[in-house]
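Colleague: Following this message is one structure expressed as structure tokens.
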Amino acid sequence: LNLWVLRQLLLPLAPFPGLFVTAALIAFLLDIPSRWLNQRGLSRWLAIGVVAVVTVGLLVLAGVALVPRLIDQLGQLINELPGWLVAAEGWVTRLQEWASARGLPSEFGDFSSDLLTRLSGVATQLSQQLLGILGATLGITINTLLVLVLAVFLLLGGDPITAGLARWLPDQWRELVVDTITGTFRGYFAGQVLLALILSGGQIAVFTLLDIPFGVLFAVLIGFTTLIPYASALTIVGVSALLALQDPRMGLEILAAAIAVGQIVDQVIQPRLMGSIVGLQPAWLLIALPIGARTGALFGFGQLLGLLLAVPVASCIKTLVDAWRESPFDP
């Protein structure tokens, strides 16, 4: 009943709940270097100011150096997608002729034509939505400013807010719940964002050396889909298949390069950054992701934000359930 009431309260407020949660996540991330500087002798306000200035500077640098190139490559990709789909239809036709000449089943022409038609429609809709998003500059600017302002206020007043909410918990569970949630969310998102930046940088360098078309766009896409478990692997396969429509050799090159860089990050860098923060088996991750997406949609946060929150929330639940089973007291 409480969850139903909460949903009825949050849905009319959309998209503010999603913006608030996004601001809270940003505040979580910025709080890590702020605390580090505070421990090194800087005052709390000065540490937050330094972190804010550095963050804004990095965002401006990325906006000047990277965003225009991404937009340019995205526009070129949208223009070339119809030609790539026509090339895919030619591949299907040749495959059908090859199978027919050898007496193999080849009655998939209608299916492939229908599939390509649907893909073309999806690509057209996606391009229109992307261009619409790029054109809605005012709305994006307002939401971005709102998120940044909220993040600053949450960063400044995060400890009193956390302490106030913690008072609603039983005394014997208060410290465990607060430490579990803050430690898991800070460690998980800090590690994931850093991994995404490292993976994006590595992919950009490799794709540039291999002269892969739209290399920066694909590298950033692959890098930041690593924020959602298993999403980067699907993105690598999708990008490789897309480029293979134009040149099969190029598709294999990008597949091999992306897998190689991803394995280096997963096997060498990720264990040092993440450690055992999540502590979930792969099967539970696969269960948590769709539940998180559906829950995010139900409560007005959005499916993407639900996917991002699914893993740390599931990890917190597991930690608390394990502690409840081992606790000698009555919760």
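Every number here is computed from the coordinates shown, using simple stated rules; none is lab data. All values derive from a computational prediction rather than experimental measurement. Every residue, glycine among them, receives a Cβ derived from its backbone with ideal geometry; neighbour counts consider all protein chains shown.
Colleague: If I model a spin label as a point 7 Å beyond the Cα along the Cα-Cβ vector, how far apart are those points for LEU1 and ALA62 in nm?
Modeller: 4.5 nm
Colleague: Here's something else I'd like to know. Let's test the formula: R0 of 35 Å, r as the Cβ-Cβ distance of LEU197 and TRP324. What FRET efficiency results, to the nearest 0.05? Present the calculation step by step, with values, prior to reporting the outcome.
Modeller: On the way: r = 36 Å, r/R0 = 1.04.
Efficiency for this residue pair is about 0.45.
Colleague: Taking 7 Å along the Cα-to-C-beta vector as the label spot, tell me the ASP211-ALA52 distance in nanometres, rounded to one decimal.
Modeller: With each label point 7 Å from Cα toward Cβ, the separation is 4.8 nm.
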